[in-house]
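**Q** Here's a structure for you.
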Amino acid sequence: RVVYCWQYIHCLKLWTAVLAASCAKSGDGDDETALMKSLIYPLVEIIFGVAKLIPTARHLPLRLHCVRFLQQLASSSETFIPTTSILLEVFDLKEITMTPKRIQKRNSDVKGVRLPVILKLPKEDTLRTAEQLDACLGEAFLLLNREVDLYKFAAGFPEFSVRICQRLRKFAKETKNGKFRAYARGNIELCEKNAKSITLERSKLEAAPKDIKRLEVLKPNNAPSMGERYDMAIAKERRLEAASQPALSKAAKEKAKTAKEDAQKKKEKEAVAAAVVTKKSSKKKKKKMELNESDLKNVDALEEEDEIQEGIDWSGSESEGDEEDSNDGMDDS
């Protein structure tokens with residue numbers, strides 16, 4: 001529960017973005033950038049540990065999130081961080097080759113599964129519906145193609161692609177879904193094409209593949225780098241995602257429309273109430289200002305002098321009053 005939650009995944013996503021941004025400043029050569037780049041290895045180990053903590057079919061979306069983090073780190077730092085072991089484990093799940101169930105949910109408003117907003121699949125009928133299979137396998141093939149695109153200029157790509165081709169050929173024979181079979185064959189053709197060209201290019205190198213320190217040693221001068229290819233792939237994916245959003249049912253559309261209208265009416269009522277209150281307060285302020293102005297304009301009252309009668313000895317009257325009080329006291333005695 002502590003690890004498999006959105007709070008932990010968002011922390012991993014944040015640190016991945018921070019370290020990826022620090023790798024973009026590698027040309028500065030300062031100590032801070034080098035220190036940030038040194039944190040990539042421990043973060044990669046943590047992400048691998050999270051992905052392999054509970055390798056069940058229900059937590060497949062979370063593992064695909066982890067693959068995205070690893071590919072982002074690999075593209076920004078131009079480091080070999082293979083994620084094929086996680087992706088190929090998807091095709092080993094027994095639910096993949098089973099015939100999907102047709103389940104009609106009356107309360108379901110969205111037709112489809114959106115993997116970016118979930119960490120695990122439902123407990124009942126996990127990976128047994130056509131929507132779940134389409135979403136998970138489509139994401140796995142997408143990330144597998146991106147993995148091939150990231151390392152297609154590496155000297156060891158022909159050996160790297162052998163395992164991918166073997167597993168996808170087996171999957172193409174086992175699956176009964178024509179769309180998934182086409183995905184697998186397309187990925188196999190891409191691997192074979194890149195492996196053939198890389199084998200031809202590395203035969204011209206003087207150094208052996210094991211002695212090569214640079215990852216993209218066979219990249220042409222006019223070809224984009226790993227980071228640029230990754231950014232272009234992400235931009236293309238976002239455009240496709242925006243064009244193919246899950247369709248809402250009629251009931252959900254009406255519900256959303258009603259909620260929008262209610263929110264608009266509530267907003268208008270609040271605006272009217274606020275205007276009334278503002279109008280009343282402005283009237284009170286105006287009235288007070290008018291009273292203050294009338295007092296300020298009454299200058300004659302300020303210029304009036306107190307009328308004092310001259311010739312009155314106030315001290316004598318006080319002494320006479322004291323004498324009368326004393327005489328009354330003596331009479332009483």
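The values are calculated or read from the model by the stated rules, or taken from the named source; none is laboratory data. Because the structure is a prediction, the values reported are computed rather than measured. Neighbour counts are summed over all protein chains in view; Cβ atoms, including those assigned to glycine, are modelled from backbone coordinates with ideal geometry. Only protein heavy atoms, including side chains, enter the accessible area calculation; ligands, DNA and RNA are left aside. Shrake-Rupley method; radii C 1.70, N 1.55, O 1.52, S 1.80 Å.
**Q** Take H65, H10 and sort them by solvent-accessible surface of the protein heavy atoms, 1.4 Å probe, largest at the top.
**A** Descending accessible area places them as H10, H65.
**Q** Return the sequence-ordered ³J(HN,Hα) values of segment 224-230 in whole Hz as given by the Karplus equation 6.51 cos²θ - 1.76 cosθ + 1.60 applied to θ = phi - 60°, using x for Gly and Pro.
**A** Going residue by residue, I get x, 6, 4, x, 5, 5, 5 Hz, with x marking Gly and Pro.
**Q** Let me ask you something else. Quick check: at a probe of 1.4 Å, how many percent of the accessible area of segment 50-159 sits on carbon and sulfur atoms?
**A** 50 percent
**Q** Amide H to amide H, which residues 5 or more places from T129 or on other chains are under 5 Å from it, using H placed in the peptide plane?
**A** Placed amide hydrogens put K101 under 5 Å from T129.
**Q** What does the charge add up to near L60, with Lys and Arg as +1, Asp and Glu as -1, over the other residues with Cβ less than 15 Å from its Cβ?
**A** Value of the local net charge: +2.
**Q** Among 264-275, 150-161, 224-235, what's the highest-first ranking by average C-beta atoms within 10 angstrom per residue?
**A** With the highest mean Cβ count within 10 Å placed first, the list reads 150-161, 224-235, 264-275.
**Q** Once phi is turned into ³J(HN,Hα) by the Karplus curve 6.51 cos²θ - 1.76 cosθ + 1.60 with θ = phi - 60°, what whole-Hz value does each residue of segment 259-265 show in order, with x for glycine and proline?
**A** 5, 5, 5, 4, 5, 5, 5
**Q** Considering only DSSP states other than H, G, I, E and B, which chymotrypsin sites (Phe, Trp or Tyr not before Pro) in segment 47-147 qualify as loop sites with at most 12 other Cβ atoms within 10 Å?
**A** Passing sites in segment 47-147 are F80.
**Q** Oh, and also: Determine how large the accessible area of C11 is when every protein chain is in place; take a 1.4 Å probe and give Å² rounded to the nearest 10.
**A** Looks like 70 Å² after rounding.
**Q** So what's the net charge close to A263: Lys and Arg +1, Asp and Glu -1, counting the other residues with Cβ under 12 Å from its Cβ?
**A** Summing Lys/Arg as +1 and Asp/Glu as -1 gives +2.
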